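First comes the structure, then the notes that go with it.
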Amino acid sequence: MTTANKLTILRVALIPIFMVVLLVSFPGSNILALVIFAAASLTDCVDGYIARKYNQVTNFGKFMDPLADKLLVAAALLVFVERGQCPSWAALIIIAREFAVTALRLIAVDNGIVIAAALSGKVKTVLSIICICLMLTPLHDAVLFGGVTLDAVCVAVMVVVTVISGTEYFVKNRKLLNVRK
């Protein structure tokens, strides 16, 4: 097993720990969850770097790395919905985009095409991680302006970048949707 794959597995293993820490409220649980989420998010950067630099790219990594990312973000969103920090419709938009882009990538692979990560997808990922981290801080419910909380701003940012990114993937690859075998 490669170092990159071990880091991906570590990220997946951190997801239930992250959720338990968030759901079992105790003094400092949000800060501990923030540390766990940040560490898991960092493994995404590190495992990709290691895989490319040391020629450790594997089929397992190609499959599990993006799945681990999606599970980590979905876990945070589901807890935020349960805690009232994120409306369910917003979480659904964000999670549905992940399923839709994954389906598009599967169609592409079936046609011998690899859809590389778009810049908008990378921006979406970075902004989503930043927003989730902010929503884990004690300032998450701070009122910023006009009664709008930091949580609401973070959710809005995530939804907007998710819709923009998803739209870009489908517009750029719309020909794949008309391919017949």
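The values are calculated or read from the model by the stated rules, or taken from the named source; none is laboratory data. Small disclaimer: the values here were computed from a predicted structure and weren't measured. Note that we place each Cβ from the backbone using ideal geometry, even for glycine, and neighbour counts take in every protein chain shown.
Points worth noting:
- Selection status of residue 24, β-branched (Val, Ile, Thr) and without any contact (Cβ under 8 Å) to a residue 12 or more places away in the chain: yes
- In the set (1) in contact (Cβ under 8 Å) with a residue 24 or more places away in the chain; (2) exposed (fewer than 13 other Cβ atoms within 10 Å of the Cβ), residue 55 fails one condition alone, (1).
- Output for the stretch 151-181, where each listed residue is of a type in the set (S, T, N, Q) and in contact (Cβ under 8 Å) with a residue 12 or more places away in the chain: 162, 165, 173
- Residue count for the stretch 96-139, restricted to those that are touching a Phe, Trp or Tyr at 6+ places or on another chain (Cβ under 9 Å) and either in a loop (DSSP other than H, G, I, E, B) or polar (S, T, N, Q) (or both): 4
- Of all residues in the stretch 6-21, those being free of Cβ contacts under 8 Å to residues at least 40 places away in the same chain and either of a type in the set (Val, Ile, Thr) or assigned to a loop (DSSP other than H, G, I, E, B) (or both) number 3.
- Some residue of the stretch 123-136 being farther than 24 Å from residue 35 by Cα, touching a helix residue (DSSP H, G or I) at 6+ places or on another chain (Cβ under 6 Å) and hydroxyl-bearing (Ser, Thr, Tyr): no
- Cross-chain or 6+ apart pairs with Cβ under 6 Å, the stretch 98-112 first and without any contact (Cβ under 8 Å) to a residue 12 or more places away in the chain, then of a type outside the set (S, T, N, Q): 105/115
- The combined condition, being surrounded by 15 or more Cβ atoms within 10 Å (Cβ to Cβ), under 23 Å from residue 6 (Cβ atoms) and not small (Gly, Ala, Ser), is fulfilled by residue 73.
- Number of the exception - residue 127 against (1) surrounded by fewer than 21 Cβ atoms within 10 Å (Cβ to Cβ); (2) of a type in the set (A, V, I, L, M, F, W, C); (3) under 15 Å from residue 85 (Cα atoms); (4) without any contact (Cβ under 8 Å) to a residue 40 or more places away in the chain: (3)
- The residue list 148, 159 contains one member that is modelled with pLDDT of 95 or more and loosely packed, with under 13 Cβ neighbours inside 10 Å, which is 148.
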